[in-house]
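Worksheet for the structure shown next.
Laboratory data are not the source of any read-out in this text; all were calculated from the coordinates shown. Owing to the predicted nature of the structure, the values given are computational and were not obtained by experimental measurement. No Cβ is skipped: glycine too gets one built from the backbone with ideal geometry, and neighbour counts run over all protein chains shown.
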Amino acid sequence: MPLLDVLLSVEMDELLAYTRHAPLSRAAEEANWFTLPTAVRIYRQFLQLDTDHDGMLTPDELGCFDEEQHSLTPAFCNRLFEVVHTYEGRLDYKGYLDLVVSLQALRPASALPAAEAALRYFWRVLNLHDAPSLGSGELSYFARPAARKRPLDVGTARCPGRLGWAA
C-alpha cells in the first residue's frame, strides 16, 4: 500500500485520535480500532466462538459469528477455511482478526485501500474456480444459504425498486 494512502486513510485518523491527550467519548472509543475496549470486544467475540477452548476456531464454531449485518453461512465458512491459512483445519486469532477487519473495511466510511484489500480477501473465498469473474453457479452457491438465513424483503430496501435484507 502506498504511504500516501496510509497517511490519508480513516484508520490513520483513528490512530491519531487515540494518541491525542484529550479523552475520547465512549462512543468514539468503542468505534476506534486502536483502543483497548475495541481489542477486548473482538477478542471476547473470538473466545465466545471458541466453544472447545483450544484457542482455534473450526468452521462450525466460526459459523456462529453474527455481528450487526454480518452472519456467516456454512458454505462461506467451509470455503474460507479452504483459502486462508489454517492450522490443521483450524483458524487462529490472527485469521479471525483478518476476517473481522475485512468485514469492517467494507463499510462505507472505510478508506479505499482498506476496502480494496477486503474485496481481494472475499474474492478468494467467492471465486470457486479461480476465474476472472464470478459465475451464476458460484453466486447461487453462496447466496442461497444466505437468503435462507436472512430472507430478502422489498420493504426494507434502501433504494426503491431494489431488494434488501430483512432485519
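Brief remarks on what is shown
- The ranking of C64, C77 from fewest to most other beta carbons within 10 Å of each one's beta carbon is C64, C77.
- Mean Cβ count within 10 Å, highest first, over the residues of peptides 119-129, 97-107: 97-107, 119-129
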